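Read the structure below first, then the notes.
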Amino acid sequence: MNNQDVVTQVKERAQAMFLTLGYELVDLKYYKTPEGMMLQFFVDRKEGGITLGECAQLNHSISKMLDEESLINEKHILEVSSPGLDRPLVGESDFRRVVNSNVQIFLKEPILGKLEYFGRIIAVDIQGVCLDIENFGQIKIQFSKINKAKRVIE
């Protein structure tokens, strides 16, 4: 099984487990290190964040699941952690979670001649996000135009 197949299978099973426990899988990375393969889970709660103790409990649960289902047959290191306050904003729910926060958005193609915007999120709907930009005003950016975005911690 190649690395992408491993990630796909592990992700499917982990997401189902996390949802039943009230967590959200933000990202999953699987890559080679000098000590062996690294499997990193970035997990959060929909509300309130995740604690170190919860990460440890999830690490134990994931390890047990991987062993029972024999999903990884090579030496690996398992890590479960919070994605951090400045985690990437990917979908509508991520943007809704940070309404009234400052964000930095990088675009796939220029809007009004710019590829990057910094502003405060004032509204989110199914099509995109509305930013209030200092000394400029408001601008609506469609999700399909966003290359990457992140919350800016002040």
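Every number in this text was worked out from the coordinates using simple rules, so none of it is lab data. All values reported here derive from a predicted model rather than from experimental measurement. All Cβ positions, even for glycine, are placed from backbone atoms using ideal geometry, and neighbour counts span all protein chains on display.
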With the dipole of the chain defined by +1 on each Lys or Arg Cβ and -1 on each Asp or Glu Cβ, the option from Gln9, Gly84, Ile126 whose Cα lies farthest towards the positive pole is Ile126
Lysine pairs in segment 28-154 with Cα atoms under 22 Å, if 8 or more residues apart or on separate chains
20
Please list 76-83, 142-149 highest first by mean number of surrounding beta-carbon atoms within 10 Å per residue.
76-83, 142-149
Which cross-chain or sequence-distant (5 or more) residues have an amide H under 5 Å from the amide H of Met38, H modelled 1.01 Å from N in plane?
Tyr31, Lys32, Thr33, Ile77
Percent relative contact order of segment 1-148, based on C-alpha pairs within less than 8 angstrom and at least six residues apart?
16
Taking every eigenvalue of the Cα gyration tensor of the chain, multiplying by 5 and rooting it, what semi-axes result, largest first, whole Å?
35, 17, 13
Return the FRET efficiency for the residue pair Glu12, Lys140: r is the Cβ-Cβ distance, R0 is 25 Å, and the value is rounded to the nearest 0.05.
0.15
Can you give the angle from 0 to 90° between the axis of helix 3-21 and the longest principal axis of the chain, with both taken from C-alpha atoms, to the nearest 10?
80
